Amino acid sequence: MDMQVSAGPKVVLEGASVAYGDLTVLKDVDLVLGDGEFLSIVGPSGCGKSTLLKLISGLEPPAAGRVFVDGAEIDRTPPHVGFMFQRDALLPWATAEENINVGLELGGYPQADRAKRCQELIDFLQLTGFGKHYPSMLSGGMRQRVSLGRLLAYEPELYLMDEPFGALDAQTKVMMGRELLRIWGRYRKSVIFVTHDIEEAVSLSSRVIVISGRPGRVKREVKVDIDYPRDLRAVRKTAVFHDLCSTIWDEIMGEKAVEQAADDPAEAPA
Ligand SMILES: Nc1ncnc2c1ncn2[C@@H]1O[C@H](COP(=O)(O)OP(=O)(O)OP(=O)(O)O)[C@@H](O)[C@H]1O
Ligand SMILES: [Mg+2]
């Protein structure tokens, strides 16, 4: 087990901005992710959520401001950062097992133990019997589980997840969320989870950040005061859950109205 002792926050953004040419995508973003925290990011399409993850993973440099991971200002992809994309990025010519093995290899898992670990992950993600299947022979939900398996195999200290379950049906999505929480509960790694699904954000995370329409800023921060471990079904029936969802919903709808008004003055809300 990793015995890394890290007292400070996992990620800090100080006045970070990103621009693509004339287009300012993120502006003056301040954000602190505590070590072991599960943070969700929501906001209208195009507000810069994916850009924010790229910034933290070192794939996109800030035009202004600073980005720290584990207290060090980053100038490239920091070690132990795992990225999961919305569209599964599996190797089509490799089986489920082989795809998961890529994560084990990249993460430096001891070679002699890889086959055993791979099987553990396959079983854990309820893919038993499908290890030798190629991605094209798996359902969308199964492919996403293989992607999650590869991410877990890599054993990141920081999970950057960009709408990882966005393409799944509602039922599978809840199931994947439950599995993710189970894993998070066990290892307590830091997670930044981007989603369009407000209920998903509230049910999984300890804090939700709403990003405003472009240029994206942190518009609102909502703390989710619901204890872990969570029974997602029970949580979704509570008044606290519904209140939090509607608060966030109003915040985002406000943003959408502004965007529409800017596009078409005739549709501006009265
Ligand atoms: N490499 C790039 N070059 C130029 N513009 C880009 C690039 N990447 C993103 N953008 C622009 O930056 C803005 C924010 O994009 P981003 O992908 O971060 O949005 P998002 O919040 O993730 O949206 P969605 O919810 O639709 O995924 C968009 O207007 C997009 O066109
Ligand atoms: Mg995106």
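The values are calculated or read from the model by the stated rules, or taken from the named source; none is laboratory data. Fair warning: this is a prediction, and the values are worked out from it, not measured in the lab. Cβ placement follows ideal geometry from the backbone for every residue including glycine, while neighbour counts extend to all protein chains displayed. Ligands, DNA and RNA are stripped out before the accessible areas are found, and what is left, the full protein with its side chains, is counted by its heavy atoms. Shrake-Rupley method; radii C 1.70, N 1.55, O 1.52, S 1.80 Å.
Pairs of alpha carbons in the chain separated by more than 29 Å make up 35% of all such pairs. Using heavy atoms of the protein chains and a probe of 1.4 Å, the accessible area assigned to D243 is about 100 Å². Counting only lysines at least 8 places from K49 when in the same chain, those with an alpha carbon closer than 28 Å to its own are K10, K27, K173, K189, K219, K223, K256. Paramagnetic label reach from L91 (point 7 Å along Cα→Cβ; backbone nitrogen cut-off under 11 Å): within segment 129-163, no residues. Of the listed residues W249, W93, the order by accessible area with a 1.4 Å probe, largest first, is W93, W249.
Which angle from 0 to 90°, rounded to the nearest 10, does the C-alpha axis of helix 170-187 make with the longest principal axis of the chain? Rounded to the nearest ten degrees, it is 70. Counting heavy atoms of the protein chains alone, R145 has an accessible area of about 30 Å² for a 1.4 Å probe. What FRET efficiency would be calculated for the residue pair Y187, M253, taking the C-beta separation as r and a Förster radius of 41 Å, to the nearest 0.05? Computed FRET efficiency for Y187 and M253: 0.70. Evaluating 6.51 cos²θ - 1.76 cosθ + 1.60 at θ = phi - 60° for every residue in segment 22-36, the Karplus couplings come out as 7, 8, 7, 8, 10, 9, 6, 8, 10, 7, 10, 10, x, 5, x Hz, glycine and proline recorded as x. Note on surface exposure: K237, K27, K189 rank K237, K27, K189 by accessible area, highest first, 1.4 Å probe. With both labels modelled 7 Å from their Cα along Cα-to-Cβ, the T128 to K219 distance reads 4.6 nm. Shape class of segment 175-253 from the alpha-carbon gyration tensor: oblate, with a/c at 1.5 or above and b/c at least as large as a/b.
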